[in-house]
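First the structure, in the form of structure tokens, and then the observations on it.
The values are calculated or read from the model by the stated rules, or taken from the named source; none is laboratory data. From a predicted model like this one, the values you see are computed outputs, not experimental measurements. Methodologically, a virtual Cβ is constructed for each residue, glycine included, from the backbone with ideal geometry; neighbour enumeration extends over all protein chains shown. With ligands, DNA and RNA removed, areas are computed over all heavy atoms of the protein, side chains included. Shrake-Rupley method; radii C 1.70, N 1.55, O 1.52, S 1.80 Å.
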Amino acid sequence: MTPRKREHGGQEETQKEQWDKEYKASQMLSPSNVPQVDVVRFTRWLKKSAKKAGEPIEIYEMSVLDLGSGTGRNSFYYAQQGATVTGYELSDTALKMAEKFARHGEQQITYRKQDIGAPYQLATGSIDIVLDITSSNSLSDKKREVYLSEVHRVLKPGGHFLVRALAKDGDSNAKALVAQNPGVDPDTYVHPDLGLVEKVFSRETFMQTYGSKFEILDLARVSHYNMVAGRKYKRNYWIAYLKKTDAKQASPQEAK
Ligand SMILES: C[S@@+](CC[C@H](N)C(=O)[O-])C[C@H]1O[C@@H](n2cnc3c(N)ncnc32)[C@H](O)[C@@H]1O
């Protein structure tokens, strides 16, 4: 029997409630102030490659947009190095936790309650680095288009975009979830424990989705063990280093 497709729970309210619930009584997240390891690696790589190219960068001169900033661990990491950071987040609970944490220092962080799949209140070409650390998984395909256009718009030419997204390739849990609890959009499922809609990408669909707008400098697949509701799951992720270059132009809609 083919499983019945459930409505995309991606309506902002449903997803917001699920994330709020998650931050209040976590089944998956372990709030920590330590930056995500791929953010640290990316930052080292960015500095090293800029130096190698003869155009060294200073993080304190950078503006950073952290999409789905959660409790702010990655925002804080950049702000501690002097960057000017904006964090967009849907969950009120996460925003409160992030703000409380940021108050302890002199960092320049602005947290905003903002859907990352809706137009951003930021000037065109104003951001050096955009982070999406496993935050856009729950966007519907329609909102994903807005997110991609908005990230492209707000990035400076030559600006970088770090994405950590759920992978389908080599991930038997992802494949089982899509088969057993499909969402409305292709390669989505409604997580049975968390109630969240999540999208998984094959290498091909990732490259189609992101490669149409950004130059893909690096795309690596990594594995990670997650604890959800007391159970351990092995999941695969794409870590992508993307760049806004002249070779990839804005879509006609975005250029209007
Ligand atoms: C897996 S957590 C990662 C948090 C953070 N990026 C980190 O690495 O610690 C995903 C975050 O994205 C937020 N989020 C999910 N959908 C969102 C949306 N449409 N707009 C804004 N934030 C969203 C969730 O509330 C959650 O805080």
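Looking across the stretch 69-105, the residues that are of a type in the set (S, T, N, Q) and open to solvent by 60 Å² or more (accessible area, probe 1.4 Å) come down to Q80, T84. Close contacts from the stretch 113-142, counting a first residue that is closer than 17 Å to K199 by Cβ and a second that is away from the ligand (no atom under 13 Å from the Cβ), with Cβ to Cβ under 7 Å and a gap of 6+ residues or different chains, come to S140/D185; D141/D185. Of the strands (runs of 3 or more DSSP E) contained entirely in the stretch 193-248, those carrying at least 2 residues that are under 15 Å from the mean Cα position of the chain (by Cα) and of a type in the set (A, V, I, L, M, F, W, C) fall at 231-243. Checking each residue in the stretch 147-173 for being open to solvent by 10 Å² or more (accessible area, probe 1.4 Å) and touching an Asp or Glu at 6+ places or on another chain (Cβ under 8 Å) picks out S149, R153, K156, P157, H160, R164, K168. For the stretch 31-68, taking the residues that are open to solvent by 10 Å² or more (accessible area, probe 1.4 Å) and in contact with a Ser or Thr (Cβ under 6 Å, 6 or more places away or on another chain), the one that is nearest to G125 (Cα to Cα) is identified as S63.
Here is a yes/no grid of residues against (1) at pLDDT below 95; (2) within 21 Å of E22 (Cβ to Cβ); (3) away from the ligand (no atom under 16 Å from the Cβ):
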{"site": "H152", "(1), (2), (3)": "no, no, yes"}
{"site": "P157", "(1), (2), (3)": "no, no, yes"}
{"site": "F161", "(1), (2), (3)": "no, no, no"}
{"site": "P182", "(1), (2), (3)": "no, no, yes"}
{"site": "L196", "(1), (2), (3)": "yes, yes, no"}
{"site": "K213", "(1), (2), (3)": "no, no, yes"}
{"site": "R221", "(1), (2), (3)": "no, no, yes"}
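Does E204 satisfy being surrounded by fewer than 17 Cβ atoms within 10 Å (Cβ to Cβ) and not basic (K, R)? Here the answer is yes, as E204 does meet what is asked.
All of (1) within 18 Å of E17 (Cα to Cα); (2) within 11 Å of the ligand (Cβ to nearest atom) hold for R73 with one exception: (1).
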